[in-house]
Structures are given as structure tokens and as C-alpha cells.
1. Could you give me the residue pairs with C-beta distances under 9 Å whose first residue belongs to the stretch 83-109 and is more than 17 Å from GLN203 (Cα to Cα), whose second residue is among the polar types (S, T, N, Q) wherever it lies, and which are 6+ apart or on separate chains?
2. Among all residue pairs at least 6 apart or on different chains, which show Cβ distances below 6 Å where the first residue, located in the stretch 203-214, is under 10 Å from ALA82 (Cα atoms) and touching a residue at least 24 places away in the same chain (Cβ under 8 Å) and the second is of a type in the set (Gly, Ala, Ser) and assigned to a helix (DSSP H, G or I)?
3. So which strands (runs of 3 or more DSSP E) stay within the stretch 1-115 end to end and still have 1 or more residues that are more than 33 Å from the chain's Cα centre (by Cα) and at pLDDT below 75?
4. Got a sec? Which of GLY209, GLY160 is small (Gly, Ala, Ser), over 14 Å from the mean Cα position of the chain (by Cα) and surrounded by fewer than 16 Cβ atoms within 10 Å (Cβ to Cβ)?
5. Got at least one residue in the stretch 141-154 being surrounded by 22 or more Cβ atoms within 10 Å (Cβ to Cβ) and not in a loop (DSSP other than H, G, I, E, B)?
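The values are calculated or read from the model by the stated rules, or taken from the named source; none is laboratory data. Please read all numbers here as calculations on a predicted model, not as lab measurements. Note that each Cβ is placed from the backbone with ideal geometry, even for glycine, and that neighbours are counted across all protein chains shown.
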Amino acid sequence: MNLQAEHVHAWLSAHPDFFVDHPELLTDLTVPHADTGQAVSLVERQVQGLRERNRALETRLAELIQIARDNDALSAKVQTFAVRLMQQRSTEGAIDAILDGLREGFRVPHVAMRVWGTGIGRANAPERLPTQQEIQVFATGLTSPLCGNHPVYEVNRWFGEHGPRLRSFALAPLGSPAFGLLVLASEEAERFYPDMGTVYLAQLAALAGAALEAHAAGQD
């Protein structure tokens, strides 16, 4: 911007009533359209600008409405998951409700869980299989769920023959301090990505951990 243009800009900014006192200039002055090069009046250019801004706002509003609808749907699923856990009368039932609830209610294709040192779960069931000490320490150190495209330690082996095909993982500790680890996985690399939000996943893991602890306490 040259000095003359700066002076014009400054003067018009300092005299906002100029076009009120000289309305004829709004139609007399023309401005080339950015796309076509066709000259239009200032009024037409302002209208075009307002329409473009309105379209952008409508698009953003539609996006926000969709986000709100998606969050409402997720909240409803979390509530259904919580009710299902509350209806269980045994540790085995709670474990099945956790695994099946995530697979069916949230369409997570692969779900695995390991617990240690609590007496939770069936003696020879997958959730009671031995886990590496490193995984237990890792789970204890998690303050929130972790998502990414690479398995941590041996967790991909928890999925048996499906393990080599898995491309994304979400890991959430069970309990605080952690007495287990919940792992969600998918063949789709974009399903669980590093920067995704984990609020709902944290809620699901907290509900699962609380249900398992409640049943373990009832067995004492």
C-alpha cells in the first residue's frame, strides 16, 4: 500500500459519515470484482461481501449443529453403557458388558482388556492372562487415555490373529491407581489418532473401572 492510499484509508476511517453525506458516490464509484474483473458499485460489492460472509457463517453454523448432534448421540451411548454396567450382578457379567458394549454400542471392531492383582475376572479368561510389568507401570502412569497408530509394548498381541492388521489404538487405564488396561483397536489408521479428543473414552474407562472394582469389593 502506497502513502496516498494510506492517507485515503486514514481519512475515511476518521470520517465515517463521509458516504452518508455523499451517498451518490456509493453507486458512482466502481470496484473490479476479484474473480471476474467486472466493475461493480460499492453497494454491490458490499452486498456481495455480506453474502459471502453469510454463506461462511451458515457453513460454520451447520458444522457446529452437527458437532452438537454428534455429542448428544455420544452422550446417549455413554448413558446406555453405564446403565448396562449397573444391571450386571457379577464380575463376569460386567466384563462381558464392557467388551460387548464397546463393540456394539460404539462400533469398535476390536476391544481387549487386562487386569492384574485384584482377583477380578475368570481364572483362565483373557483378561486375567499375565501382562508385562512394563505395561502395568505404563498404565499406572497414564493420566488420560492415549491414542495413536503404534501399539504399546505387547498390546497388539492381545488381539490374536487380528493383531498384525491393526493400525490404530486407544489405551485407557482402569482404576486409579490402575489395576488394568482397556485397549480399543481398529484396522483404520484414522480411527484412533494422536490428537483426537478422549473425553468420552476417559468416561467409559472410568465407568468400566468403577464397575469392576464394585464387583471385586462384593466378592471380598
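1. THR91/GLN219; GLY93/GLN87; ASP96/GLN88; PRO109/SER186
2. Correct list of pairs: LEU207/ALA82; ALA211/ALA94.
3. Hits in the stretch 1-115: 30-32, 39-41.
4. On the way: GLY209 fails: surrounded by fewer than 16 Cβ atoms within 10 Å (Cβ to Cβ).
Exactly one of GLY209, GLY160 is small (Gly, Ala, Ser), over 14 Å from the mean Cα position of the chain (by Cα) and surrounded by fewer than 16 Cβ atoms within 10 Å (Cβ to Cβ), namely GLY160.
5. Within the stretch 141-154, not a single residue is surrounded by 22 or more Cβ atoms within 10 Å (Cβ to Cβ) and not in a loop (DSSP other than H, G, I, E, B).
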